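Let me begin by presenting the structure, written as structure tokens, before commenting on it.
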Amino acid sequence: MLHNHNISTRFCQALLACTLLLGSYAEAADKLANVTILATGGTIAGSGANSTTTVGYTAATVGVDSLIKAVPELSKVAQVKGEQVFQIASENMSNEHWLTLAKRVNVLLAQPDVDGIVITHGTDTLEETAYFLDLVVKSKKPVVLVGAMRPGTALSADGPINLYNAVLLAANPDAVGKGVMVAMADQIHSARDVTKTNTSTPDSFKTTELGLMGYFQGNKPYFYRTSTRKHTADAEFDISKLDKLPQVDIVYGYANVSPVALNALVAAGAKGIIHAGVGDGSLAASVKTALIAARKQGVMIVRSSRVGQGIVARNGEANDDELDFVASDTLNPQKARILLMLALTKTNDSKAVQKMFYTY
Ligand code: SIN
């Protein structure tokens, strides 16, 4: 009888300890931020023939649940949920994909039970999606884009650590109000200023002259700078009712260039042209004539540069006041295209568009 009593007392004590332990786990989990991972494809979801395949692999093959399962450490830093939004290589990212993604991000961030969002993405157009979201997300909550330069099957795959860092960042209160960010190779970059600089190395993403925002170290993000430009909740663009964006295309400047490509794009209905000029946005004479003609037909012209760094000077290599052109400031051609598309949803006045290029 006494023996039975001891056993049942010990059983009750063990049960109580288990209940308390489970309770404290639940309490700890309750205190973690809620981060939703939206997966769109890319190399971070890619797989190769063997562990040394770092080129020539297939992007966008692994689903979001597997990406999350591959990094069990995520459960220590956030309560993570996954959604598969697309499963594509990012060279196929379109304006329509962006509108779908941005609307989903805005719906999620409006929910009190979502503290931050991570978007897994192919690296080829990651900077473009990041900048688009930087201009249209209506929240101060963190949005972090992340990719990988090596597929998950490769030796030293960079996807798992990049994803871990991205979730750390999205879950961190210091990341609130900093605009859309990119987490790659232990570094934090602002969507506006980051660009892919190398076809294949893991340290491909750089914010060269303007400088990165910060680093990850010891399971923490450390911030050193933020962009001075307006973004997210302070931006004026509203895509909530749009299912299409104005057609804006890019023409490239080079020696011996002709206006054939430019004229074809204008004939195909472009509402805006970004000219990726040589040097400080210089225009070859024949292209300049075609750009002037296009402007007279109502096409908005933005002079950007193929150089990659520096301000394209308004009224520098062309008289923008006289020609009614816009200068791209420091935006590279692919990001200037995004800002111009959004600008054209609000105005056809080149002076107002120029103001936006100095604001965002
Ligand atoms: C892609 O952009 O989808 C492929 C390349 C990559 O993710 O690194």
Taking the mean number of other Cβ atoms within 10 Å as a proxy for protection, how do you rank 119-128, 309-318 from highest to lowest? 119-128, 309-318
To the nearest 0.05, what FRET efficiency results for residue 200 and residue 31 with a Förster distance of 45 Å applied to their C-beta separation? 0.65
Step through the residues of the stretch 62-77 one at a time and calculate ³J(HN,Hα) from phi using the Karplus curve (6.51 cos²θ - 1.76 cosθ + 1.60, θ = phi - 60°), rounding each to whole Hz and writing x for Gly and Pro. 9, x, 4, 4, 5, 4, 5, 4, 6, 10, x, 4, 4, 5, 7, 10
Expressed as a whole-number percentage, the relative contact order of the chain with C-alpha contacts under 8 angstrom and at least six residues apart is 13 percent
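Anything over 21 Å Cα to Cα? Flag those among 230/346; 81/206; 271/355; 76/103; 230/335, in the order listed.
With Cα atoms farther than 21 Å apart: 81/206; 76/103.
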Assuming R0 = 25 Å, can you tell me the calculated FRET efficiency for the pair residue 267 and residue 94, based on Cβ-Cβ distance, to the nearest 0.05? 0.70
I'm checking a number: the convex hull volume of the Cα atoms of the chain, normalised per residue, in Å³. What is it? 157 Å³
Over the stretch 248-359, the quotient of the Cα radius of gyration and 2.2 N^0.38 Å is 0.92
Starting from the eigenvalues of the Cα gyration tensor, five times each then square-rooted, give me the equivalent ellipsoid semi-axes of the stretch 98-177, largest first, whole Å. 23, 15, 10
For the residue 286, residue 315 Cβ pair and Förster radius 22 Å, calculated FRET efficiency rounded to 0.05 is 0.55
Viscosity 0.692 mPa s, 37 °C: Kirkwood-radius Stokes-Einstein D of the stretch 89-144 over Cα pairs, µm²/s: 283 µm²/s
Using 7 Å Cα-to-Cβ label points, what is the residue 61/residue 359 separation (nm, one decimal)? 4.6 nm
Using a ≥ b ≥ c from the Cα gyration tensor of the stretch 145-211 (square roots of the eigenvalues), is it rounded, prolate or oblate, where a/c under 1.5 gives rounded and otherwise the larger of a/b and b/c decides, a/b for prolate? oblate
Quick check: convex hull over the Cα atoms of the stretch 130-243, volume per residue in Å³, rounded to an integer? 116 Å³
Kindly identify the stretch 132-172 as rounded, prolate or oblate by the Cα gyration tensor criterion: order the square roots of the eigenvalues as a ≥ b ≥ c, call it rounded if a/c is under 1.5, otherwise compare a/b with b/c, prolate if a/b is larger, else oblate. oblate
Determine the gain in length on full extension of the stretch residue 107-residue 87; use 0.36 nm per residue of separation and subtract their C-alpha separation, reporting nm with one decimal. 5.2 nm
Residues of type aspartates and glutamates that residue 31 reaches as a straight line, Cα spacing below 14 Å, ignoring anything fewer than 8 places off in the same chain: 113, 115
Which whole-Hz couplings ³J(HN,Hα) result when phi for each residue of the stretch 188-199 is put into the Karplus expression 6.51 cos²θ - 1.76 cosθ + 1.60, θ = phi - 60°, listed in order with x for Gly and Pro? 10, 10, 7, 4, 5, 10, 7, 8, 7, 10, 9, 5
Work out, step by step, the length gained on full extension between residue 346 and residue 322: first 0.36 nm times the residue separation, then minus their alpha carbon distance; give nm to one decimal. 6.4 nm
When a/c is below 1.5 the answer is rounded, else prolate if a/b is larger than b/c, else oblate, so apply that to the stretch 60-128 with a ≥ b ≥ c taken from the square roots of the Cα gyration tensor eigenvalues. oblate
Burial ranking of peptide ranges 289-298, 226-235, 139-148 (average Cβ count within 10 Å, highest at the top): 139-148, 226-235, 289-298
In the stretch 174-245, which chymotrypsin sites (Phe, Trp or Tyr not before Pro) are in a loop and have at most 12 other Cβ atoms within 10 Å, using DSSP for the loop call? 224
P(r) weight above 30 Å for the stretch 32-234, C-alpha pairs, percent: 10 percent
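Every read-out reported here was derived from the displayed coordinates using simple, explicitly stated rules and does not represent laboratory data. Computed from a predicted model, the values in this text were never measured in an experiment. Glycine gets a Cβ as well: all are built from the backbone with ideal geometry, and neighbour counts include every protein chain shown.
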